[in-house]
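Undergrad: Here you go, one structure.
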Amino acid sequence: MGNMPAAISERPGRYGSKGTVGSILLQMFLILFAFVQIYPLVWLAFFSLKDNSEIFSGEVLGLPRKFLWSNYVKALSEGNVLTYFGNSVLVTAATIVLVLILSAMSAYAIARMKWKLSNATMTLILLGMMVPIHSALLPLFMVLRNLNLLNTYWALIIPYVAFGLPIAVYITASFFKSVPREMEESAVMDGCGVYRAFFLIILPLVRPALATVAIFTFISAWNELMFAVTFINDTEYQTLTVGMMSMVGTYITHWGVVGAGLMIATIPTILIYLLLNKQVQESMIAGAVKG
């Protein structure tokens with residue numbers, strides 16, 4: 001019995017050492033995983049600063065012997081990347097704004113207001129998630145052609161918004177349901193109308209959901225290719241995805257310039273994630289707690 005305290009006191013040390021070893025192994029695994037995830041971006045940055053002789057000499061993975069920043073100049077000027085970039089920014093920004101506004105208003109009406117067809121409307125909207133975006137390629141082409149919208153920004157914005165709304169309404173509606181109704185009741189007692197209570201009180205409470213919707217919408221619109229190739233033939237309105245594809249033909253012997261264009265196209269995605277990753281994490285945590 002007299003030896004029991006000593007024996008008990010030794011156990012935390014043994015478990016603590018096991019915990020330390022496990023923590024070190026976990027950190028090593030996470031570092032390795034992060035390296036594997038980040039390396040393609042680092043490789044692309046190095047690739048964009050090389051010339052063809054260095055790329056085809058077998059030194060694709062290493063540092064460039066000479067940093068050719070002129071590849072970026074050629075991509076922006078001769079490759080017309082600046083025009084493609086501006087078109088992508090315009091189309092994507094308009095899509096995000098419209099999806100956020102329409103999804104927030106629709107989800108608020110479905111989740112917070114009492115009317116007979118709210119559940120049926122939600123079901124109908126969610127059915128849009130079951131439709132593959134490219135299965136509507138031919139019908140959309142015919143509709144846009146009849147409306148004289150081909151070779152315009154609206155030829156991309158309208159389909160992107162339509163296909164982005166179902167998941168956006170689903171995410172925002174789930175967050176609206178978690179907001180206490182006392183918030184709206186107190187706002188009404190203070191003299192707020194429906195729109196004022198919605199924009200000034202309810203929307204700020206669901207910012208994590210809006211950030212999540214913004215990132216999902218950005219990724220789908222920024223990287224979309226099939227609609228952009230089919231609905232836009234005029235270089236003046238083409239987006240980055242189409243521009244990168246055309247650069248492969250134009251600069252078939254200048255892969256460093258193509259890499260520079262791809263690097264420029266990647267930068268906005270990184271910036272969007274860095275700006276909104278905190279809100280997305282809050283959204284995931286809130287969703288897990290509610291679940």
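Undergrad: Could you tell me which label, among (1) 25.8, 93; (2) 18.4, 57; (3) 24.7, 81, carries the value of Rg and Dmax of the Cα atoms in Å calculated for this structure?
TA: Among (1) 25.8, 93; (2) 18.4, 57; (3) 24.7, 81, the one calculated here is (1).
Undergrad: Mind checking which aspartates and glutamates have their Cα closer than 15 Å to the Cα of Lys66? Skip sequence neighbours fewer than 8 apart in that chain.
TA: The reachable aspartates and glutamates, counting only those whose Cα sits under 15 Å from Lys66, are Asp51, Glu54.
Undergrad: How much accessible area per residue does the range 155-205 have, counting only protein heavy atoms and a probe of 1.4 Å, in square angstrom?
TA: Value returned for the range 155-205: 53 Å² of accessible area per residue.
Undergrad: In addition: Quick one: length gained pulling Glu236 to Trp154 fully straight, 0.36 nm per residue minus the C-alpha distance?
TA: 28.2 nm
Undergrad: Let me ask something additional. Between Leu32, Leu44, Leu200, which gets the highest mean-square fluctuation from a Gaussian network model of the chain, Cα cutoff 10 Å?
TA: So, out of Leu32, Leu44, Leu200, the one fluctuating most is Leu32.
Undergrad: To continue, here is another question. Read phi for every residue in the range 113-129 and hand back ³J(HN,Hα) as whole Hz from Karplus 6.51 cos²θ - 1.76 cosθ + 1.60, θ = phi - 60°, with x for Gly and Pro.
TA: For the range 113-129, the Karplus-derived couplings read 9, 9, 8, 4, 9, 5, 5, 5, 5, 4, 4, 5, 5, 5, 4, x, 5 Hz, x marking Gly and Pro.
Undergrad: Taking only the alpha-carbon positions of the range 95-191 and ignoring solvent, what does the Debye formula give for the base-10 log of I(q)/I(0) at q = 0.17, 0.24 Å⁻¹?
TA: -0.83, -1.22
Undergrad: Counting heavy atoms of the protein chains only and a 1.4 Å probe, report the per residue accessible area for the range 19-99 as a whole number of Å².
TA: Per-residue value: 62 Å².
Undergrad: Looking only at Asn87, Asn71, Asn146, which one moves most when the chain is put into a Gaussian network model with springs between Cα atoms under 10 Å?
TA: Comparing Asn87, Asn71, Asn146 in the GNM, the peak value goes to Asn146.
Undergrad: What order do you get for 202-209, 121-128, 240-247, 189-196 when each peptide is scored by the mean count of other beta carbon atoms within 10 Å, highest first?
TA: The densest-packed peptide leads the list: 240-247, 202-209, 121-128, 189-196.
The values are calculated or read from the model by the stated rules, or taken from the named source; none is laboratory data. Only a predicted model underlies this, so the values are computations on that prediction, with no experimental measurement involved. When we count neighbours, we look across all protein chains shown, and the Cβ atoms used for this are built from the backbone with ideal geometry, even at glycine. Note: areas computed on protein heavy atoms with side chains; ligands, DNA, RNA excluded. Shrake-Rupley method; radii C 1.70, N 1.55, O 1.52, S 1.80 Å.
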